[in-house]
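Asker: Okay, here's the structure, questions in a sec.
The values are calculated or read from the model by the stated rules, or taken from the named source; none is laboratory data. Please read all numbers here as calculations on a predicted model, not as lab measurements. Because the Cβ atoms are built from the backbone with ideal geometry, glycine has one as well, and the counts that use them run over all protein chains shown. SASA here: full protein model, heavy atoms, side chains in, ligands and nucleic acids out. Shrake-Rupley method; radii C 1.70, N 1.55, O 1.52, S 1.80 Å.
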Amino acid sequence: MCGICGFYQLTREADDTDLKRMNDQIVHRGPDDDGYYYNGKVGLGARRLSIIDLVTGHQPLRSHSENNWITYNGEVYNFKELRRELEEGGFVFRTTADTEVIVNMYEAYGIDFVSRLRGMFAFGIYDIKNDRLILARDHVGIKPLYYCLKPGNKNLIFGSEIKTILQYPGVDRELDHDGLDYFFSLEYIPAPHSIFKNIRKLPAGHILIYEKGKLTIRRYWDPSEEVEPLDSRVEPNFDELKEQFLQLLRESVDMRMISDVPLGAFLSGGLDSSSIVATMAGLSNQQIKTFSIGFEEKSYSELKYSNIVSKQFGTHHHTRDLSPNIDELVHFISDIMCEPLGDFSNFPTYLVSKTAREHVTVALSGDGGDEIFGGYEHYIAQKISSMIDFSLFRPFHPMMAKFTALFPPSDKKKGFVNRIKRFSEGLDNSWTNRHFRWMLFLSKYQKSKLYSEDFFEKSFGDPLPKRMPFDRFFEQSLTFDDINQDLYLDFKSYMVDNILVKVDRMSMAASLEARVPLLDKKMVEFAFSLPPHYKLRGNTTKWFFKKAMEGILPDEIIYRRKEGFSIPIKNWLKTELKDLMFEYLSKERIAASGLFNYPYVKKMMNEHLSNKQNHAHRLWTIILFNLWSERYL
């Protein structure tokens with residue numbers, strides 16, 4: 001696991017000193033080693049967290065012919081079989097690292113070799129012979145990769161995090177208004193947008209080629225193109241699919257247990273992480289180290305369930321409580337995030353990563369199961385809405401939202417009142433948004449009140465299917481039926497640009513490598529081939545996954561209500577974090593940003609503090625943006 005950066009210059013602006021300064025921004029991603037390739041025109045930098053081949057895995061690294069150089073972040077789990085193939089073709093290796101396999105795969109097969117890799121990766125390869133730079137990001141988007149093509153001179157800069165690119169001379173920091181609106185609406189910024197207008201994210205499953213001043217981006221993998229759904233007219237053989245799934249799970253977990261350093265797993269006590277731990281325990285003759293976070297608020301803490309799983313599989317279990325005294329942690333995470341992310345679970349994810357790093361260097365995580373097997377409550381909301389959401393009823397949606405708004409929110413994590421309020425609020429959003437109705441935190445009306453005249457744009461009120469990049473996602477989702485359309489939409493947006501960003505940044509902030517077995521390419525393709533009623537049956541989410549794990553995990557783990565990995569920000573904004581809210585939502589700071597109307601911000605604060613409404617998501621994104629602005633603007 002590493003952090004990478006680099007540039008390709010048509011006009012020389014940076015030298016090796018600038019390259020080192022770029023690389024120094026991501027020491028946390030690779031504290032064990034740093035390395036450079038620089039020829040005056042092209043620079044490649046790498047920071048290394050040593051996981052495999054602790055001695056000879058230094059980067060950047062040259063190919064067999066020495067015509068190609070690579071800087072690489074990630075782990076490719078099928079590298080040994082690919083290495084054997086290359087050796088049979090006459091390639092000689094100087095290391096035992098997967099890095100050398102990747103650069104030699106390019107040398108042997110050209111750009112299209114990327115589709116054969118199985119793992120998580122982001123890399124840059126400089127082809128000396130063709131004077132070409134290639135950037136690639138893994139199929140799913142587990143590892144990040146940003147780039148900037150400077151207007152005017154067309155110098156290309158890239159890095160694992162935005163902060164590396166900002167160290168290159170003359171990179172503009174103009175904000176991307178579409179990216180900002182997405183952040184305040186969704187709490188994340190979907191690729192290819194970033195928070196800066198001239199810095200882009202390379203989307204998952206894509207390759208970027210820069211040659212002779214021409215930039216080309218192309219997709220090499222996508223579930224909508226690779227998956228052949230099972231015939232919906234024929235009921236599948238459950239037992240055969242269960243065995244196929246369990247074999248894939250064992251294979252995926254086994255591949256991700258390859259490591260030359262200590263390894264463990266995150267354990268929340270939910271279905272996904274518990275399945276990973278159960279599989280690890282069955283594959284290893286060593287006691288598995290597991291890690292969990294708890295809370296004083298009982299409705300938020302899942303330690304009860306993680307302890308049940310730990311006891312059943314005999315893990316060496318480590319826990320830590322997250323207390324409301326988190327003011328210092330808020331500032332630390334805001335500084336780490338080179339692009340703001342509103343997900344409340346940033347905090348417990350960082351703390352569980354920090355706890356794990358005290359004992360291991362690699363941790364397996366259960367992320368991805370909800371998006372590919374159908375685990376979220378908003379899929380149930382979408383199903384219910386499809387039964388009642390017709391044209392004659394739609395005029396009553398605003399009335400329903402106004403009626404439920406009369407009830408004060410509960411302090412509990414979810415609860416009946418909070419669920420009803422959230423459902424009616426989402427129902428009032430455009431039906432064309434599908435399940436995103438319950439993932440949007442600002443309505444068109446709220447944007448018109450919150451955003452300043454200089455910031456608000458008419459397109460901000462458009463439904464997601466009319467806006468880039470969601471227009472493409474909605475079109476491609478039509479490859480699938482029913483709930484699989486919603487899963488595809490989340491897979492292409494919420495999962496990659498929220499969940500995986502959170503896991504990558506928070507684990508890397510602790511210099512911990514997080515691996516996600518459920519997002520193995522073959523597992524993803526298998527999951528998307530399953531029929532819709534294997535995902536959501538009645539009101540049972542993840543139906544197939546749950547049935548497949550019966551007899552392996554206790555029923556109280558498999559069939560307990562999904563709670564999510566979150567923290568009680570809505571309560572803390574009224575208590576321990578109230579001073580932070582007043583400071584970063586002050587009239588002066590709001591005016592300085594030029595983005596918001598202070599009277600509406602004040603109205604939301606007053607309603608939240610008086611428990612008339614829960615504005616935690618809306619207030620929190622503005623707080624985070626102002627914290628982020630202090631560091632990056």
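Asker: List pairs: first residue in region 583-603 and surrounded by 18 or more Cβ atoms within 10 Å (Cβ to Cβ), second residue among the aromatic types (Phe, Trp, Tyr) anywhere in the structure, Cβ distance under 6 angstrom, at least six positions apart or on different chains.
Answerer: From region 583-603, the pairs are Ile590/Phe596; Ile590/Tyr598; Leu595/Phe455.
Asker: Something else now. Answer with yes or no whether Leu329 is within 24 Å of Trp572 (Cβ to Cβ), assigned to a loop (DSSP other than H, G, I, E, B) and of a type outside the set (Val, Ile, Thr).
Answerer: For Leu329, the condition - within 24 Å of Trp572 (Cβ to Cβ), assigned to a loop (DSSP other than H, G, I, E, B) and of a type outside the set (Val, Ile, Thr) - is not met.
Asker: Out of (1) assigned to a strand (DSSP E or B); (2) more than 17 Å from Thr361 (Cα to Cα); (3) of a type in the set (S, T, N, Q), the odd one out for Gln59 is which?
Answerer: If we test Gln59 against (1) assigned to a strand (DSSP E or B); (2) more than 17 Å from Thr361 (Cα to Cα); (3) of a type in the set (S, T, N, Q), just (1) comes out false.
Asker: Evaluate the following for Gly152: is it out of contact with any Gly (no Cβ under 8 Å at 6 or more places or on another chain), without any contact (Cβ under 8 Å) to a residue 40 or more places away in the chain and not aromatic (Phe, Trp, Tyr)?
Answerer: yes
Asker: Sticking with this structure for a sec: Taking the options Asp520, Asp490, Asp555, name whichever one is among the acidic types (Asp, Glu) and over 21 Å from the mean Cα position of the chain (by Cα).
Answerer: Going through Asp520, Asp490, Asp555 in turn, the sole match is Asp555.
Asker: Sticking with this one: What number of residues within region 293-326 are open to solvent by less than 10 Å² (accessible area, probe 1.4 Å), at pLDDT 90 or above and either closer than 17 Å to Thr575 by Cα or in a strand (DSSP E or B) (or both)?
Answerer: Residues that pass the stated criteria total 0.
Asker: Given the options Ile420, Ile499, name the one that is of a type outside the set (Gly, Ala, Ser) and touching a residue at least 40 places away in the same chain (Cβ under 8 Å).
Answerer: On the way: Ile420 fails: touching a residue at least 40 places away in the same chain (Cβ under 8 Å).
Among Ile420, Ile499, only Ile499 is of a type outside the set (Gly, Ala, Ser) and touching a residue at least 40 places away in the same chain (Cβ under 8 Å).
Asker: Hey, can you tell me all the residues within region 106-133 that are among the aliphatic types (A, V, I, L, M), within 26 Å of the chain's Cα centre (by Cα) and surrounded by fewer than 22 Cβ atoms within 10 Å (Cβ to Cβ)?
Answerer: Hit for region 106-133 is Ile111, nothing else.
Asker: So which residues in region 255-270 are modelled with pLDDT of 90 or more and either open to solvent by 30 Å² or more (accessible area, probe 1.4 Å) or in a loop (DSSP other than H, G, I, E, B) (or both)?
Answerer: Passing the criteria: Arg256, Met257, Leu263, Leu267, Ser268, Gly269, Gly270.
Asker: From the list Tyr210, Tyr188, which one is among the hydroxyl-bearing types (Ser, Thr, Tyr) and more than 23 Å from Lys502 (Cα to Cα)?
Answerer: Tyr210
Asker: Under 9 Å between Cβ atoms, at least 6 apart or on separate chains: pull out the pairs that start in region 442-457 with a residue that is part of a loop (DSSP other than H, G, I, E, B) and end on any residue that is buried (at least 17 other Cβ atoms within 10 Å of the Cβ) and of a type in the set (Lys, Arg).
Answerer: Leu442/Arg618; Phe456/Lys447
Asker: Could you say whether any residue in region 413-433 is under 27 Å from Lys570 (Cα atoms), open to solvent by 40 Å² or more (accessible area, probe 1.4 Å), among the basic types (Lys, Arg) and at pLDDT 85 or above? Full working, then the answer.
Answerer: Going residue by residue through region 413-433, those that are under 27 Å from Lys570 (Cα atoms) are 413-430, 433.
Filter once more, so that each one left must be open to solvent by 40 Å² or more (accessible area, probe 1.4 Å): 414, 416-417, 419-420, 422, 425, 428, 430.
Next, only the ones that are among the basic types (Lys, Arg) stay: 414, 419, 422.
Retained after the next criterion (residues that are at pLDDT 85 or above): none.
No, the conditions are met nowhere in region 413-433.
Asker: Return the residues of region 497-518 that are hydrophobic (A, V, I, L, M, F, W, C) and in contact with a strand residue (DSSP E or B) (Cβ under 8 Å, 6 or more places away or on another chain); say none if nothing qualifies.
Answerer: Val503, Met508, Leu512, Ala514, Val516
Asker: On to the next question. Look through Ser224, Ser252 and report the one residue that is more than 30 Å from Thr96 (Cβ to Cβ), of a type in the set (S, T, N, Q) and buried (at least 16 other Cβ atoms within 10 Å of the Cβ).
Answerer: Among Ser224, Ser252, only Ser224 is more than 30 Å from Thr96 (Cβ to Cβ), of a type in the set (S, T, N, Q) and buried (at least 16 other Cβ atoms within 10 Å of the Cβ).
Asker: Follow-up question, since we're still on this one. Let me spell it out: the conditions are (1) open to solvent by 40 Å² or more (accessible area, probe 1.4 Å); (2) assigned to a helix (DSSP H, G or I); (3) in contact with a strand residue (DSSP E or B) (Cβ under 9 Å, 6 or more places away or on another chain), and Thr355 meets all of them except one. Which number is the exception?
Answerer: (1)
Asker: Here are some conditions: (1) among the charged types (D, E, K, R); (2) modelled with pLDDT of 95 or more; (3) open to solvent by 30 Å² or more (accessible area, probe 1.4 Å). Asp18 meets all but one. Which one does it not meet?
Answerer: Exception for Asp18: condition (3).
Asker: From Arg472, Arg467, Arg505, which residue is within 27 Å of His533 (Cα to Cα) and among the basic types (Lys, Arg)?
Answerer: Details: Arg467 fails: within 27 Å of His533 (Cα to Cα); Arg505 fails: within 27 Å of His533 (Cα to Cα).
After ruling out the rest, the residue left standing is Arg472.
Asker: For region 84-118, what are the residues that are of a type in the set (D, E, K, R), outside any helix (DSSP H, G or I) and free of Cβ contacts under 8 Å to residues at least 40 places away in the same chain? Reasoning before the result, please.
Answerer: The first filter runs over region 84-118 and keeps only residues of a type in the set (D, E, K, R), leaving 84-85, 87-88, 94, 98, 100, 107, 112, 116, 118.
Restricting the remaining residues to those that are outside any helix (DSSP H, G or I) gives 94, 118.
Arg94 - this is the single residue of region 84-118 that is of a type in the set (D, E, K, R), outside any helix (DSSP H, G or I) and free of Cβ contacts under 8 Å to residues at least 40 places away in the same chain.
Asker: Next up: For region 525-633, which fully contained helices (runs of 4 or more DSSP H) count at least 2 residues that are out of contact with any strand residue (DSSP E or B) (no Cβ under 7 Å at 6 or more places or on another chain) and either within 24 Å of Leu450 (Cβ to Cβ) or of a type in the set (Asp, Glu) (or both)?
Answerer: The qualifying helices (runs of 4 or more DSSP H) are 555-558, 569-572, 578-584, 587-593, 598-609, 616-632.
Asker: Could you say whether any residue in region 146-160 is on the phi < 0 side of the Ramachandran plot and part of a helix (DSSP H, G or I)?
Answerer: Within region 146-160 (the criterion being on the phi < 0 side of the Ramachandran plot and part of a helix (DSSP H, G or I)), the answer is no, since none of the residues qualifies.
Asker: Also, I was wondering about something else. Inspect all residues belonging to region 521-540 and state whether any of them is polar (S, T, N, Q), in contact with a Gly (Cβ under 9 Å, 6 or more places away or on another chain) and closer than 17 Å to Gly375 by Cα. Outline the logic, then answer.
Answerer: Step one: of region 521-540, the residues polar (S, T, N, Q) are 529, 539-540.
If we keep only those that are in contact with a Gly (Cβ under 9 Å, 6 or more places away or on another chain) as well, we get none.
The answer is no; no qualifying residue exists.
Asker: Take the residues of region 527-551 that are surrounded by 20 or more Cβ atoms within 10 Å (Cβ to Cβ) and aromatic (Phe, Trp, Tyr): which is nearest to the chain's Cα centre (by Cα)?
Answerer: Going through the qualifying residues, I end up with Phe528.
Asker: Which residues, taken from region 209-249, are in a strand (DSSP E or B) and in contact with a Ser or Thr (Cβ under 7 Å, 6 or more places away or on another chain)?
Answerer: Correct list: Ile209 only.
Asker: Sticking with this one: Kindly list the number of the only condition in (1) on the phi > 0 side of the Ramachandran plot; (2) modelled with pLDDT of 95 or more that fails for Gly213.
Answerer: The single condition Gly213 does not satisfy is (2).
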